[in-house]
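Written out below as structure tokens is the structure these notes cover.
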């Protein structure tokens, strides 16, 4: 049965989608069968894997709001090891359409429970907000990974997000757990980045991954070619970091 992990941060520009698609590729390279669920109407994870959102005929929207079974909207990527439930701009309308629906926060939970036995991991790329789609992503998940950019407001944003997760746990009776905060865009030459890293590790010692994702231009370039960093430049510093992160995730799960 798949372990379902949401990757979430209400702030944009934290490396959230970059982390989802690259962890996905290395989990697959390490022998895991993985599904990516793109819950962001911007569809960056979908396009980052080489799928043009405008050409997607069936997306997550058609399951959440249209009633299609999740297996009907799963798209094969042509690459061994992972599939995608793509997003499209239509998904923005699902927020409005689901407002009056019964158990609206549990729609994604119900969909993924139908197919979780088909995969080792299901990764959910949540929108950079705390709206209904993100709440669905949290309720559906067993655990969350929180990318944290090494910048001045990182601690404040992380603290707010942890409080939101606590509210979901309490009010929606969700057993979701924190898998870890992931430090991204780290430049060891930058004193502020080093200070933020130290502060995050000091304030949230039980929640921080050992792997740190460096600032790397190759990671920024790869999505423009519809490729993961494993396909685009597997020898780059960014590629090595995501390989280490995928191994760390698997090791953490073996201990449970």
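The values are calculated or read from the model by the stated rules, or taken from the named source; none is laboratory data. None of the values given here were measured: they were computed from a predicted structure. Every residue, glycine among them, receives a Cβ derived from its backbone with ideal geometry; neighbour counts consider all protein chains shown.
Structural remarks
- Count of residues meeting criterion [under 13 Å from residue 37 (Cα atoms) and surrounded by fewer than 21 Cβ atoms within 10 Å (Cβ to Cβ)] in segment 63-73: 1
- Residues in segment 80-103 that are surrounded by fewer than 17 Cβ atoms within 10 Å (Cβ to Cβ) and on the phi < 0 side of the Ramachandran plot: 80, 89, 92, 93, 96, 97, 99, 100, 101, 102.
- For segment 116-142, the tally of residues that are more than 15 Å from residue 39 (Cβ to Cβ) and in contact with a helix residue (DSSP H, G or I) (Cβ under 9 Å, 6 or more places away or on another chain) stands at 3.
- Looking across segment 79-89 at every residue that is part of a loop (DSSP other than H, G, I, E, B) and within 15 Å of residue 119 (Cβ to Cβ), the one that is modelled with the highest pLDDT is identified as 81.
- Some residue of segment 110-125 being modelled with pLDDT under 90 and exposed (fewer than 15 other Cβ atoms within 10 Å of the Cβ): no
- Qualifying residue in segment 90-104 (condition: within 16 Å of the chain's Cα centre (by Cα), at pLDDT below 95 and in a loop (DSSP other than H, G, I, E, B)): no
- Selection from segment 23-43 of residues that are closer than 24 Å to residue 212 by Cβ and out of contact with any strand residue (DSSP E or B) (no Cβ under 8 Å at 6 or more places or on another chain): 26, 29, 30
- Checked against (1) touching a helix residue (DSSP H, G or I) at 6+ places or on another chain (Cβ under 8 Å); (2) more than 17 Å from residue 131 (Cβ to Cβ); (3) buried (at least 24 other Cβ atoms within 10 Å of the Cβ); (4) modelled with pLDDT of 95 or more, residue 38 passes all but condition (2).
- Any hit, segment 19-28, residues being more than 12 Å from residue 123 (Cβ to Cβ), touching a helix residue (DSSP H, G or I) at 6+ places or on another chain (Cβ under 8 Å) and surrounded by 15 or more Cβ atoms within 10 Å (Cβ to Cβ): no
- Positions within segment 54-78 being within 21 Å of residue 228 (Cβ to Cβ), part of a loop (DSSP other than H, G, I, E, B) and more than 19 Å from the chain's Cα centre (by Cα), in sequence order: 56, 78
- Members of segment 143-175 found to be touching a helix residue (DSSP H, G or I) at 6+ places or on another chain (Cβ under 9 Å), buried (at least 17 other Cβ atoms within 10 Å of the Cβ) and either part of a helix (DSSP H, G or I) or without any contact (Cβ under 8 Å) to a residue 40 or more places away in the chain (or both), listed by number: 154, 158, 165, 168, 174
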